Amino acid sequence: MKVAVAGCCHGALDKMYETLELLQRRHNVRPDLLLCCGDFQAVRNEADLRCMAVPAKYRHMQTFYRYYSGEKKAPVLTVFIGGNHEASNHLQELPYGGWVAPNIYYLGYAGVVRFRGVRIGGISGIFKSHDYRKGHFECPPYNQQTIRSAYHVRNIEVFKLKQLKRPIDIFMSHDWPRSIYHYGNKKQLLKMKSFFRQEVESNTLGSPAASELLQHLKPTYWFSAHLHVKFAAFMQHETSSKEELPKATKFLALDKCLPHRDFLQQIIDVEHDPNAGDSLEYDAEWIAVLKATNSLVNVTQSSWNMPEKNGLHAKWDYSVTEEAIKEVLEELNHDLKIPCNFTLTAACYDPSKPQKNMEPVHTINPQTTEFCAQFGLTDINDRIQQAKEEGSGRGECEEEEEEEMDSTGSAEEPSEYNTDYSGLSSFNPDEIMLDEEGGEEDLSTCSVDPSPDHPPEFSTSFSDIRIMPDSMAVSSDDAMDSNNEELEKSGGSKQVEEKSSTERSLKRIGGDENGNSGVKKIKRRNQAIYAAEDEDKID
C-alpha cells in the first residue's frame, strides 16, 4: 500500500489534502494512508489557540476546524502524533489516542495501531530532561510553564513502548533520535543548517529517549519532523546474537508542511496484508502493555524513574505474554477495529461570530472514558480532576502563573537523563520569542502545486549503511561526511526544546529550519513556519 508522510502541517489541512488530490490528478498517485509527524495543530476554536505555545500574533485558526465541525472530511485516513505547537488542551483529552475528527486519528501520548496489517507506532511531544520523569499533571487553563511542559515527553511513555517485543513497521516521533546525524550526510546538513553545528559536535541535538526507542524497537521506517529540514539515513542495527537476523531502519526527517516538489519522495510503498480490511485497528500487544503498566500511571509533578533491574524494584519487566495478548483478543471477540466514535467536545469556531475571550476548560472526552472502561485503564484526565477536587495540589491546575516546582521524587534513583543540554543550542534564526508581541501576520503554508517533474524514488535516499554502537558514543572517525567547512555559528542564544536522535543512520537531503527553545523566556523555533516567506528554500 502507499503511505504518504508529512512533516509539520501547522493546521493547514486544506492545503495538505489539496496537494494529495493534485498529485493524484497529475501523477496518478493516491496514498492509502497519510502520516503526520507532529505540529498538526488540531485547533477547534479560540480557546484552543490560547493553549498553543506561540506568541499571540502567530495564533491563527487555520483550517482544522472545518474537519472537526463536519463541514469537510479528510479524503484519506490520517494518523498523527503531537509536536510542540499544538492545541494541547484538545490532544490532552485523548491520552490513549482517538479521533480528533472523522478519518483523522491521534496516536495519544504514545500508541501503536494497525492498518491493513501494517504496525504503526509513535510518541508525541519533544524531549526535555527536566520534565521527563514527571507524571502527566498538566491541565487547562495552563500557566506559562505548563503550556510548554504539557507537550514534553515522559518516561512512562518510553517505558511502555520498550515493553513491545513484536516488530514495528513504522514509527513516528516529532523530534529526531539523538545521534542520527552522525551517520548521514552531516556535511550537507550543516551546510543547510549551520546553527546545528554546536549541538551536532557535542552530540546533544535530538532526543536521547527517542534514540533509546530506536535502538530497542528497530522499526523498518522511522519518520520525524520538528527541525524543518529534510534528511534521510539508513541504519543497520547490531545484532545481539548470531541467531538474530540483521535489522535496518530507514530514517526520514520531513521538511515543514508537504513540500510539493518533494512530495512524491514522501510516498512509500509498504508491504501489507492483502486480506486485511480498510479499518484502523487496535494493536493487541499494545493494549496488553497498557493494561500491564496501568499501575504506573502518575498524575503528579513528582519526578520518578520507571522500574528497572537495579535492586530497587520487585518488578521491572512489564512486557506481556502471548497469553495476555490472547486475552485481549478474546475481550474484543477478535474484532480489533477501532470504533468510529468521534464526538464533539467543544464549540467549533464560527468565522461570523468570533469569540476572542473564550477560555479553555479541562474536558474528559467520552472516547477516552469508553476506552478506559473497555480495557480497565486509568482515565488520566479523570484522575487529574479527582486530584484537583481533593485539593492535593499535585495534579491541581491553577490559572495564575506560578513558579514551576522542581520536585526531586525518588532521590535514591538518579535520572537516566540527568543533564539538560538545551542551553547549549546554537542560535536559530527561525525561532521566535514566546513572549513576543506584535501585529497579526498570516501563517505561511506550502504551495499546493506539485512539480511537473517526478522526484527520485524514496529508496534512492538511502545509499549507504553504517552501524552505530549500542553505546551511541561518537568517535572522531564516525563523521562520514564531516569534512565540515568553516560554517558560521550564528551566536549563542539560549534555547530550550531538545530534539530527538539516536542510532545509526546514513543519508539526508536538505531543507529547512530549526532551532531550540530558550532558557529564560523560552524561545520557540520555527519562525519560518509562521512567517510569510520561506527564506531557506532548497534548490
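Nothing in this text is a laboratory measurement; each read-out follows from the coordinates by a stated rule. These numbers come from a predicted model, not from an experiment. Heads up, the Cβs are rebuilt from the backbone with ideal geometry, glycines too, and the neighbour counts pull from every protein chain shown.
Computed values, structure above
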quantity: ³J(HN,Hα), Karplus 6.51/-1.76/1.60, whole Hz, each residue of segment 310-316, x for Gly, Pro; calculated: 10, x, 9, 10, 6, 9, 9
quantity: Order by protection proxy (mean Cβ within 10 Å, highest first), peptides 377-385, 133-141, 335-343; calculated: 133-141, 377-385, 335-343
quantity: Normalised convex hull volume, segment 2-391, alpha-carbon set, Å³ per residue; calculated: 163 Å³
quantity: Under-5 Å amide H pairs with Trp176, H placed in peptide plane, nonlocal only; calculated: Ser207, Ser500
quantity: For Asp382, net neighbour charge (Lys/Arg +1, Asp/Glu -1) across residues whose Cβ lies under 14 Å away; calculated: -3
quantity: In Hz, Karplus ³J(HN,Hα) per residue of segment 83-90 (6.51, -1.76, 1.60; θ = phi - 60°; x = Gly, Pro); calculated: x, 10, 10, 9, 7, 4, 5, 5
quantity: For segment 134-209 versus segment 18-39, the gap between their alpha-carbon centres in whole angstrom; calculated: 26 Å
quantity: Calculated FRET value between Cys348 and Asp382, using beta carbons and R₀ = 25 Å, to 0.05; calculated: 0.55
quantity: Burial ranking of peptide ranges 189-198, 289-298, 347-356 (average Cβ count within 10 Å, highest at the top); calculated: 189-198, 289-298, 347-356
quantity: Gain in span if fully extended, Leu332 to Asp14, counting 0.36 nm per residue against the direct Cα distance; calculated: 110.9 nm
quantity: Cβ-derived FRET efficiency at R0 30 Å, Arg26 paired with Cys340, nearest 0.05; calculated: 0.45
quantity: Largest to smallest principal axis extent of the C-alpha atoms in segment 31-112, angstrom; calculated: 36, 29, 20
quantity: Residues whose placed amide H lies under 5 Å from that of Gly111, excluding near-sequence neighbours; calculated: Gly122
quantity: Spacing of the two label points (7 Å from each Cα toward its C-beta) at Asn275 and Ser241, in nm; calculated: 3.0 nm
quantity: Ser295 paired with Ser69, simple spin-label distance in nm, labels 7 Å along Cα-to-beta-carbon; calculated: 4.9 nm
quantity: Fraction of antiparallel bridges per DSSP, segment 2-391 only, in percent to nearest 5; calculated: 50 percent
quantity: Length released on extending from Asn357 to Gln374, taking residue separation times 0.36 nm less the Cα-Cα span; calculated: 2.4 nm
